[in-house]
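Notes follow once the structure below has been shown.
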Amino acid sequence: MGNLIQVLLRRDYEVVGPTVRDGAIVYDRVGSAEDLPVGWTDEQEAGHYRLLPREGQTLFSYSVGPQSWKKYLHPAEVQLCSAQRQGEAFRILNNEPQLKRPFAFLGVRACELAAIAVQDRVLLQDKFRDPIYAQRSADKFIIAAQCTRAAATCFCESMGTGPRVTGGCDLVLTELLGPKGHRFLVKSGSVLGSEVLAELEVSPAEEEDIQQMEVAVREAASRQTRHIDTDGIKELLSQSFDHPRWDNVAQRCLTCANCTMVCPTCFCTTVEDVSDISGDHAERWRRWDSCFTLGFSYIHGGSIRNSGKARYRQWMTHKLASWIDQFGTSGCVGCGRCITWCPVGIDITEEVRAIREGEQNGKS
Ligand code: SF4
Ligand code: SF4
């Protein structure tokens with residue numbers, strides 16, 4: 001792994017990967033294999049996350065943490081412009097952020113590849129192309145890590161996004177343990193991936209290793225305990241505007257917006273203007289926003305989603321139904337972050353099930 005990181009650094013990539021900080025797996029710059037979460041695993045449940053040490057020197061023995069790659073591609077805060085007073089006028093400063101080098105993302109899970117594809121569709125391939133996302137996304141190199149275990153909150157299998165990596169990356173790693181020791185199976189996913197692979201000391205995979213990888217990935221899928229039945233989900237949610245379950249979830253939801261902050265596909269932003277106390281220097285910032293804030297739906301004199309019920313309904317219905325109308329895919333990739341990081345443990349899979357069962361029982 002250290003060699004791979006060195007090859008990427010030599011090729012002048014900004015290498016970003018999983019690290020351990022503040023009791024969680026977070027994405028940050030890495031310069032060597034020692035920066036990775038060596039010998040850590042995680043425990044996740046609704047409203048619960050713990051990192052735990054595990055035996056062995058494994059590097060990818062955990063599921064997704066609170067951050068996603070949107071931290072780099074669609075950052076939480078971006079300065080759009082600034083202006084400095086000059087006499088009676090303001091001079092607009094040319095301070096468009098420029099990346100020094102392209103990113104190499106190390107350890108991207110299958111659901112996260114799906115999330116990047118969802119954000120690409122929204123921010124690059126729609127009517128309005130986001131130049132900031134385009135610049136940050138350009139020439140990136142992606143090293144995927146297939147999951148060989150699933151957290152209790154994962155449900156990518158039912159969303160058709162994982163745990164098997166099927167494309168959208170330059171290299172695919174699978175970490176293997178067993179009698180032959182700790183090793184990685186690596187497969188190229190692009191011409192550039194093959195070029196990087198050629199610079200590494202690798203030996204051809206044995207049939208036994210490929211079989212072990214197949215079993216491990218299949219088991220990561222079969223061990224998932226949460227699922228969403230996506231059959232007819234657009235129609236189900238579109239027709240459930242007055243379902244009593246929205247009142248039920250509203251009694252629990254704090255409208256804290258955590259679910260949207262951790263979600264790898266949520267993309268909404270707001271723009272804020274700030275000035276220093278002298279009034280000589282002004283800045284315009286773009287920041288993540290959320291459909292859970294009151295200000296998000298402020299239109300012409302008031303917010304149109306005043307209640308927690310309206311805001312949760314908007315979020316879930318957009319994620320799983322109207323997103324399909326807008327962009328042709330689901331807005332959910334089944335990563336489970338919104339379940340783990342909801343302080344009161346609201347579970348999107350459970351909310352869908354309750355609405356579906358209510359429908360079937362004629363309770364809506
Ligand atoms: S569902 Fe949970 S994380 Fe999302 S706004 Fe409500 S309380 Fe916060
Ligand atoms: S809605 Fe929840 S499970 Fe789905 S992609 Fe967003 S954070 Fe992950």
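No value in this document is a laboratory result; all are computed from the given coordinates. Fair warning: this is a prediction, and the values are worked out from it, not measured in the lab. We place every Cβ from the backbone using ideal geometry, glycine too, and count neighbours over all the protein chains shown.
Of the helices (runs of 4 or more DSSP H) lying entirely inside the stretch 155-222, those carrying at least 3 residues that are under 18 Å from Arg109 (Cβ atoms) are 156-159, 207-222.
In the stretch 309-321, the residues that are closer than 10 Å to Leu237 by Cα reach residues that are charged (D, E, K, R) and within 12 Å of ligand 2 (Cβ to nearest atom) with C-beta atoms within less than 8 angstrom, at least six apart or across chains, in these pairs: Met316/Glu351.
Would you check which residues across the stretch 13-59 are of a type in the set (Gly, Ala, Ser), within 18 Å of the chain's Cα centre (by Cα) and on the phi < 0 side of the Ramachandran plot and list them? Within the stretch 13-59, Gly17, Ala24, Ala46 meet the criteria.
Listed by position, the helices (runs of 4 or more DSSP H) inside the stretch 293-358 whose residues that are surrounded by fewer than 22 Cβ atoms within 10 Å (Cβ to Cβ) number at least 1 are 308-317, 323-327. For Thr270, the test of being loosely packed, with under 15 Cβ neighbours inside 10 Å and either within 24 Å of the chain's Cα centre (by Cα) or of a type in the set (Lys, Arg) (or both) is passed. Residues that are closer than 14 Å to Leu106 by Cβ and among the acidic types (Asp, Glu) within the stretch 16-39 comprise Asp28, Glu34, Asp35, listed in sequence order.
Please tell me if Asp126 is over 14 Å from Asp170 (Cα atoms), out of contact with any Gly (no Cβ under 8 Å at 6 or more places or on another chain) and part of a helix (DSSP H, G or I). When the stated conditions are applied, Asp126 does not pass them.
Whenever a residue of the stretch 280-304 is closer than 19 Å to Thr317 by Cα, its partners that are more than 16 Å from ligand 1 (Cβ to nearest atom), lying with C-beta atoms within less than 7 angstrom and at least six residues away or across chains, give the pairs Asp289/Thr269; Asp289/Thr270; Ser297/Ile304.
Residues that are part of a loop (DSSP other than H, G, I, E, B), within 11 Å of ligand 2 (Cβ to nearest atom) and within 21 Å of the chain's Cα centre (by Cα) do not occur anywhere in the stretch 248-259.
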